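Encoded as structure tokens, the structure appears first; notes follow it.
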Amino acid sequence: MSRVFDRRQLLHGAGLAGGGLALSAYMPAWAQSVSPGVIRPLPTVSGADITLRVAHQMMMIDGRTSHAIGINGTVPAPLIRLREGQNVRLHVENTLDEDTSIHWHGLILPFHMDGVPGISFPGIKPRSTFTYEFPIRQSGTYWYHSHSGLQEQMGHYGPIVIDPAGADPVASDREHVIVLSDHSPMHPHLIFKKLKQQGGYFNYQKQTLAGLLAGKDQPAAERTRWGAMRMDPADVADVTASTYTYLVNGHGPRNNWTGLFQPGERVRLRLINASAMTTFNLRIPGLRLTVVEADGLPVQPVTVDEMQIAVAETYDVIVQPPDDRAYTIVGESVDRSGMARATLAPRAGMVAPVPALRKRPLADMKDMGMGAMDHGDGGTTMPGHGEMHAGMDHGAMTHASPAPAPAPACAPEHAAMGHCTLPGAPDAGAVPAGGAGHAAGAMDHAMRDFSNAPEVKKTPTVQTISPMPMDRMGDRGQGLEGVPHRVLVYTDLKAVTRNPDTRAPSRELRIHLTGNMERYMWAFDGEKLSEVTAPIAFSQNERVRVTLVNDTMMGHPIHLHGHYFELVTGHGDHAPRKHTIQVQPGGTATFDLTADAVGDWAFHCHLLYHMHAGMMQVVSVRPAGEAAA
């Protein structure tokens with residue numbers, strides 16, 4: 001969408017806000033409120049028998065029409081409202097000229113009702129109807145979407161709310177479902193084609209010569225080193241606001257979707273990130289957010305000012321607006337190229353100031369998988385090759401000048417945290433005799449050292465391997481490290497009740513998230529779905545500790561179908577349980593899984609184009625006692 005506006009438009013936008021919109025140095029066009037606000041509840045369907053009709057349609061976004069695939073004539077699809085304990089039959093009619101499907105994201109159900117073509121069912125053929133039928137065994141906030149091709153990007157998604165069988169433990173006076181998403185007038189297959197041709201095609205926020213001369217971003221030496229490794233620190237999001245409009249309940253920023261409240265009410269916001277490719281940083285200036293559910297399950301309340309919501313995650317939060325005024329819901333894209341915008345207000349037509357986009361983040365040492373060398377200064381300084389840990393291939397580093405006397409030897413786990421030095425490890429102060437170019441060459445060699453990850457296949461899909469990945473489950477997320485307020489992190493989450501399975505894991509599994517940004521290839525352990533010869537196998541009720549290692553400089557939301565898992569964040573038998581987890585760039589995330597659902601299940605990155613490119617595998621849970629293949 002266009003970002004061009006003139007003085008008359010700017011003053012018109014400020015006038016509609018009653019002078020409330022600050023005339024900041026940068027006010028993008030979407031910050032002008034050209035509509036008094038859309039107050040329109042999401043269409044809702046409920047009951048034991050529900051019909052959903054998938055069809056092409058046109059949708060209006062900020063005054064412009066765009067082609068979409070919707071359900072029952074709406075984007076997002078209708079809110080499906082169910083109750084815990086009921087049985088439901090969902091009749092899905094496909095009017096398209098291609099196969100379609102619906103996956104019930106986060107729902108615990110029989111695997112053949114999960115809705116993934118080629119894994120759990122054959123798909124829904126054109127001009128045919130398929131009936132999903134399963135019991136509702138949970139409550140909370142969930143969503144549904146197509147698992148066929150790239151239909152999800154075109155609008156084939158919708159929210160699910162399941163009310164508890166008894167009294168709701170979360171007290172609120174009213175609620176609003178907030179579906180965040182991204183939409184482009186460009187066909188998703190064309191978007192994917194452009195990404196294959198040039199991974200950074202949609203990134204209009206790269207570092208420039210003008211920025212260098214103005215003293216912005218990285219200094220010249222750092223830019224040279226990053227360039228030598230063919231890494232772009234501004235590569236934070238694959239698809240950006242250069243083609244995306246960010247939506248709330250199907251409405252663009254200018255449409256200004258509005259939810260009502262009365263001052264003093266406890267308002268429950270059911271937040272769903274149903275986007276194809278966008279991680280949102282969500283905040284409501286002037287209000288604090290009390291998180292009460294994560295991925296549909298209750299958590300002990302934790303109050304924050306901002307939260308990063310990965311693709312496919314859901315959170316329920318309570319806000320309590322005290323004043324008779326409007327508040328802006330800000331869903332800023334992680335790369336800060338644009339935002340979803342909506343309003344909470346006591347009356348229709350009210351608007352609140354819309355903050356300017358904050359400065360976009362740059363990747364740093366942690367994002368490169370060298371977290372143990374990041375001492376918390378938030379900088380992006382490239383390390384000399386002497387900063388590599390003892391497990392790396394030092395053959396490429398034999399020309400380094402002599403290092404000072406090493407620190408006392410210590411345990412490997414302490415060395416990995418940067419607290420001391422392993423015997424024989426190079427000192428952090430060592431500088432390569434060959435200068436910056438030599439350092440970059442050594443770094444490039446070390447950044448693809450397969451001895452650090454023997455489980456990874458040596459394929460073109462592996463551009464880098466994180467040399468020193470560290471647990472980042474307590475990190476705020478890219479761009480939020482230095483904000484002056486409290487940001488939700490995974491370590492804040494704690495289950496309300498004791499976990500159903502508190503056994504210690506019987507084995508451990510390590511899975512690497514790998515990619516090649518230049519060729520836009522994505523995979524697990526270096527193998528795309530089309531190259532995998534066997535599924536990831538578990539035995540029924542087996543308890544396994546899974547560690548995900550992100551060998552790329554981009555966050556990946558990893559989703560396991562049909563299961564919940566417990567995040568290993570130090571909360572013991574009250575560990576938070578989720579079905580989707582964001583693995584931060586260059587870091588690790590660990591969870592304990594009880595494989596209690598027999599069948600074949602999809603396991604994938606929920607960034608749609610990453611999954612489409614191959615970052616997906618099948619998890620097969622065999623009945624107890626069945627011999628391994």
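Structure above, values below:
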item	result
Criterion: charged (D, E, K, R), within 16 Å of the chain's Cα centre (by Cα) and modelled with pLDDT of 95 or more - qualifying residue of 295, 305, 367, 324	295
Residue list for the stretch 194-211, restricted to those being at pLDDT 80 or above and either part of a helix (DSSP H, G or I) or within 18 Å of residue 333 (Cβ to Cβ) (or both)	194, 195, 196, 197, 199, 200, 201, 202, 203, 204, 205
Number of the exception - residue 262 against (1) more than 18 Å from the chain's Cα centre (by Cα); (2) crowded, with 16+ Cβ neighbours inside 10 Å	(2)
Hits in the stretch 549-584 - residues which are within 19 Å of residue 334 (Cα to Cα) and β-branched (Val, Ile, Thr)	552, 558, 580, 581, 583
Answer from 146, 120 - the residue that is of a type in the set (Ser, Thr, Tyr), under 26 Å from the mean Cα position of the chain (by Cα), crowded, with 17+ Cβ neighbours inside 10 Å and modelled with pLDDT under 95	120
Some residue of the stretch 580-593 being over 19 Å from the mean Cα position of the chain (by Cα), assigned to a strand (DSSP E or B) and over 21 Å from residue 145 (Cα atoms)	yes
Check on residue 68, modelled with pLDDT of 95 or more, closer than 17 Å to residue 157 by Cβ and not in a loop (DSSP other than H, G, I, E, B)	yes
Unmet criterion (only one of (1) at pLDDT 95 or above; (2) of a type in the set (Ser, Thr, Tyr); (3) in a loop (DSSP other than H, G, I, E, B)) for residue 533	(1)
Subset of the stretch 72-94 that is closer than 14 Å to residue 249 by Cβ and either at pLDDT below 95 or β-branched (Val, Ile, Thr) (or both) - its residue that is farthest from the chain's Cα centre (by Cα)	74
Test result for residue 586, in contact with a Pro (Cβ under 7 Å, 6 or more places away or on another chain), surrounded by 21 or more Cβ atoms within 10 Å (Cβ to Cβ) and not polar (S, T, N, Q)	yes
Restricting the stretch 516-550 to residues that are closer than 27 Å to residue 193 by Cβ and under 16 Å from the mean Cα position of the chain (by Cα), the residue that is surrounded by the fewest Cβ atoms within 10 Å (Cβ to Cβ)	550
In the stretch 336-354, the residues that are part of a loop (DSSP other than H, G, I, E, B), touching a Ser or Thr at 6+ places or on another chain (Cβ under 6 Å) and under 30 Å from residue 104 (Cα atoms)	none
Count of residues meeting criterion [among the hydrophobic types (A, V, I, L, M, F, W, C), over 22 Å from residue 66 (Cβ atoms) and within 16 Å of the chain's Cα centre (by Cα)] in the stretch 224-259	1
Set 475, 471, 492: member being surrounded by 21 or more Cβ atoms within 10 Å (Cβ to Cβ), under 24 Å from residue 584 (Cβ atoms) and at pLDDT 95 or above	475
Candidate set from the stretch 283-327 (those that are of a type in the set (A, V, I, L, M) and under 21 Å from residue 144 (Cβ atoms)); member that is surrounded by the fewest Cβ atoms within 10 Å (Cβ to Cβ)	297
Every pair of residues 6+ apart whose Cβ atoms lie under 6 Å, when the first sits in the stretch 163-186 and is in contact (Cβ under 8 Å) with a residue 12 or more places away in the chain while the second is β-branched (Val, Ile, Thr)	170/292; 174/267; 179/272; 182/278; 183/245; 184/243; 186/243
Candidates 96, 109, 82, 90, filtered to the one that is closer than 30 Å to residue 169 by Cβ and in a loop (DSSP other than H, G, I, E, B)	109
Among residues of the stretch 468-527, those that are in a strand (DSSP E or B) and hydroxyl-bearing (Ser, Thr, Tyr), counted	1
Cross-chain or 6+ apart pairs with Cβ under 7 Å, the stretch 236-260 first and of a type in the set (Asp, Glu), then modelled with pLDDT of 95 or more	238/195; 238/277; 238/609
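Residue-wise test of (1) farther than 30 Å from residue 466 by Cβ; (2) not hydrophobic (A, V, I, L, M, F, W, C).
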position: 173; (1), (2): yes, yes
position: 176; (1), (2): yes, yes
position: 190; (1), (2): yes, no
position: 196; (1), (2): no, yes
position: 245; (1), (2): yes, yes
position: 250; (1), (2): yes, yes
position: 255; (1), (2): yes, yes
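The values are calculated or read from the model by the stated rules, or taken from the named source; none is laboratory data. In this text, all values refer to a predicted model and were calculated from it rather than measured experimentally. Don't worry about glycine lacking a Cβ; one is built from the backbone with ideal geometry, like all the others, and counts go over all protein chains shown.
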